[in-house]
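Below is one structure, written out as structure tokens; the observations come after it.
The values are calculated or read from the model by the stated rules, or taken from the named source; none is laboratory data. In this text the structure is predicted, and so the values were computed from the model without any measurement. A quick note on method: Cβ atoms are made from the backbone with ideal geometry, for glycine too, and the neighbour counts reach across all protein chains shown. All accessible areas refer to the heavy atoms of the entire protein, side chains included, with ligands and DNA or RNA removed. Shrake-Rupley method; radii C 1.70, N 1.55, O 1.52, S 1.80 Å.
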Amino acid sequence: MSGRLILTLSILGGTGKEGPGLAYRWAQAGYHVVIGSRTPEKAERVAAELNERLERELVVGMGNVEAAEACDIAVLTVPYNAHRDTLEGLKDQLQGKVLVDVTVPLVPPEVSVLKVPPSGSAAQEAQEILGEGVDVVAAFQNVSHVHLLEDHPVPCDVLVCGDHEGAREQVLELVRAARLVGWDAGPLANAIVVEGLTPVLIGINKRHGMKEAGIRITGHPPVEATGPDA
Ligand SMILES: NC(=O)c1ccc[n+]([C@@H]2O[C@H](COP(=O)([O-])OP(=O)(O)OC[C@H]3O[C@@H](n4cnc5c(N)ncnc54)[C@H](OP(=O)(O)O)[C@@H]3O)[C@@H](O)[C@H]2O)c1
């Protein structure tokens, strides 16, 4: 982690649907935010659109390699079929950093059916590809982009999985900064449960004519205990 006062978050593949929503909320919270893309001009265009919405110049766009190099914490928002190639191409730039993996291992056209990757989950696959020099944390897979570019409270909690408690804590801080409720969901081996909820939510959306189904943890921890990261 850098000693800089304000951290830089790079959203790799941040030009689609989920990435700009997360970028919008983190820029509002005061982070330096970089949108990454295979095409720098596309990233710059999305950054400009976000800045217009934010009414300030808070977000910049870059190629994915430069974005991964520039950040303190990286966030990956690409479709599963681009997951491995994207990570292999950014392995060097990500060493020593936390990677927040938002990827859900969906295999179109059956996006409402769980497909378990060979490593157990996309996040575990990311950890295998990147090696021990990167702390992979799985988070945000259940939050529909439909909510993120709006300013209303998001009715969906975030389950955070990773093998390093410190990295999970950092990501729980990012969840709070995005004005969401986060829960420490334990080691990376649990990520398949979190990733696996997304096709269930997509199926519920389809069957019930919705766009934004989410999950929420019920119950309240005792006051002195570690509570939800709200
Ligand atoms: N959308 C949601 O509501 C939502 C919610 C929770 C989790 N997720 C998960 O988050 C991830 C991103 O979702 P999304 O809806 O934002 O995806 P998306 O809009 O389909 O794609 C995001 C970006 O990924 C890059 N990309 C696409 N194909 C690629 C390829 N073959 N190689 C390299 N990069 C490629 C593109 O960026 P460039 O062309 O600029 O490089 C694209 O703008 C997915 O794994 C999804 O399952 C999505």
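Below is a table of values for the structure above.
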{"item": "Overall form of region 89-212 per C-alpha gyration tensor (a/c, 1.5; a/b vs b/c)", "result": "oblate"}
{"item": "Exposure rank, largest accessible area first [Lys17, Lys91, Lys97, Lys115; 1.4 Å]", "result": "Lys17, Lys91, Lys115, Lys97"}
{"item": "Length added when fully stretched, Glu173-Arg45, from 0.36 nm per residue minus Cα-Cα", "result": "43.3 nm"}
{"item": "Accessible-area value, Glu173, 1.4 Å probe, nucleic acids and ligands omitted, Å²", "result": "80"}
{"item": "Within region 205-223, backbone nitrogen closer than 11 Å to the virtual label 7 Å beyond the Cα of Val146 toward Cβ", "result": "205-214"}
{"item": "Residues in region 158-188 that a label on Ile204 would reach, taking backbone N under 14 Å of a point 7 Å out along Cα→Cβ", "result": "158-159"}
{"item": "Alpha-carbon centroid distance for the pair region 140-194 / region 1-58, whole angstrom", "result": "18"}
{"item": "Residue-normalised accessible area of the chain, given per residue in Å² at a 1.4 Å probe", "result": "47"}
{"item": "GluC sites (Glu not before Pro) restricted to DSSP loop in region 1-90 with at most 15 other C-beta within 10 Å", "result": "Glu55, Glu57"}
{"item": "Cα gyration tensor shape for region 1-101, rounded if a/c is under 1.5, else prolate or oblate", "result": "oblate"}
{"item": "Size of electric dipole in region 125-220: Cβ of Lys, Arg +1 and of Asp, Glu -1, about Cα centre, debye, nearest 20", "result": "640"}
{"item": "Cα-based Lys proximity count in the chain, under 29 Å, for pairs eight or more positions apart or on separate chains", "result": "13"}
{"item": "Cβ-derived FRET efficiency at R0 45 Å, Val223 paired with Val65, nearest 0.05", "result": "0.45"}
{"item": "Prolate/oblate/rounded call for region 101-153, Cα gyration tensor, a/c under 1.5 rounded", "result": "oblate"}
{"item": "Within the accessible area of the chain (1.4 Å probe), percent carbon and sulfur", "result": "54"}
{"item": "Per-residue SASA entry for Ser119, accessible area with 1.4 Å probe, Å² rounded to 10", "result": "30"}
{"item": "Simple Cβ-charge dipole of region 1-119, Lys/Arg +1 and Asp/Glu -1, about Cα centre, in debye nearest 20", "result": "220"}
